[in-house]
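Have a look at the structure below, then the notes.
The values are calculated or read from the model by the stated rules, or taken from the named source; none is laboratory data. Treat the numbers as computed from the prediction; the structure is a model and nothing was measured. Every residue, glycine as well, gets a Cβ built from its backbone with ideal geometry; the counts of neighbours run over all protein chains shown. SASA here: full protein model, heavy atoms, side chains in, ligands and nucleic acids out. Shrake-Rupley method; radii C 1.70, N 1.55, O 1.52, S 1.80 Å.
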Amino acid sequence: MKLGRLNHIGVATPSIADSIVHYRETMGATKIHESFDLEAQGVKVCFVDTPGQNGTEGTQIELIEPLGPGSPLANFLEKNPAGGQHHICFEVEDIEDARKWFEEQGKRILGTTRIGAHGTPIFFLHPKDMMGQLTEIMETPKEGAHWSN
Ligand SMILES: CC[C@@H](C(=O)O)C(=O)SCCNC(=O)CCNC(=O)[C@H](O)C(C)(C)COP(=O)(O)OP(=O)(O)OC[C@H]1O[C@@H](n2cnc3c(N)ncnc32)[C@H](O)[C@@H]1OP(=O)(O)O
Ligand SMILES: [Co+2]
């Protein structure tokens, strides 16, 4: 498996509305997308784009707020009521190859491969197996490709 670009940093927040004000007014972000509900993942999502430099592609902050009972963010926000950095997400060319790569190393994969907020397949790796970092792996978006659960 070859590691691809950093797609996003997931930031848990008790209020996307408050976080938008923070990113716009304190951080000077100019490209903040409309938020949307991702019920299957138990989160409300809002992307904040950060521009690239010297020809490199920028990346995104993925603001996530709990949605509904049993959200995967519930415990995290209980421990960190103000929110904070929750996960990092890297792209890979082939999600099944990546899954095998991590499985062969004995890393715990959290649940199934499913469709994430960017419309491509994703899976999560347990933070305790990943140097303390909850890690999301996502297949690189490809023109014309369409995935569904
Ligand atoms: C927007 C959609 C999608 C996308 O397309 O980008 C997303 O990003 S969705 C993001 C939200 N979804 C997920 O996080 C799914 C995967 N997460 C999980 O399966 C669980 O949240 C978890 C990581 C297994 C934690 O489960 P939980 O029930 O909350 O367990 P604990 O609180 O007991 O935690 C166990 C242990 O792990 C530490 N921990 C928990 N979360 C994190 C974290 N985000 N980063 C680092 N460490 C984390 C926690 O502190 C516990 O450690 P100890 O206290 O030492 O036991
Ligand atoms: Co994510």
Original post:
Can you name the residue in segment 48-67 that is away from ligand 1 (no atom under 16 Å from the Cβ) and open to solvent by less than 40 Å² (accessible area, probe 1.4 Å) and is also farthest from the chain's Cα centre (by Cα) among such residues?
Top reply: G52
Original post:
Tell me, which residue of segment 69-104 that is part of a loop (DSSP other than H, G, I, E, B) and open to solvent by 100 Å² or more (accessible area, probe 1.4 Å) is farthest from T135 (Cα to Cα)?
Top reply: P69
**OP:** Would you mind finding the one in V21, V45 that is more than 16 Å from ligand 1 (Cβ to nearest atom) and either under 28 Å from K142 (Cα atoms) or not aromatic (F, W, Y) (or both)?
**Re:** V21
Original post:
How many residues are closer than 20 Å to T59 by Cβ and assigned to a strand (DSSP E or B) if we restrict to segment 105-149?
Top reply: 10
Original post:
Considering segment 130-139 alone, what residues qualify as being more than 6 Å from ligand 1 (Cβ to nearest atom) and crowded, with 16+ Cβ neighbours inside 10 Å?
Top reply: M130, T135, I137, M138, E139
Original post:
What residue, of G83, G111, is touching a Leu at 6+ places or on another chain (Cβ under 7 Å) and within 16 Å of ligand 2 (Cβ to nearest atom)?
Top reply: G83
Subject >> Residues that are more than 14 Å from ligand 2 (Cβ to nearest atom) and within 23 Å of K44 (Cβ to Cβ), drawn from segment 118-149 >> reply: W147, S148, N149
Original post:
What are the residues in segment 33-62 that are within 15 Å of H118 (Cα to Cα) and of a type in the set (V, I, T), if any?
Top reply: V43, V45, V48, T59, I61
Original post:
Out of segment 2-61, which residues are within 16 Å of ligand 2 (Cβ to nearest atom), part of a helix (DSSP H, G or I), farther than 23 Å from R99 by Cα and among the aliphatic types (A, V, I, L, M)?
Top reply: I16
**OP:** May I ask you to list the residues in segment 68-96 that are in contact with a Ser or Thr (Cβ under 8 Å, 6 or more places away or on another chain) and near ligand 1 (Cβ under 9 Å from one of its atoms)?
**Re:** H87, C89
Original post:
Residue check: is T113 over 19 Å from H86 (Cβ atoms) and more than 7 Å from ligand 1 (Cβ to nearest atom)?
Top reply: yes
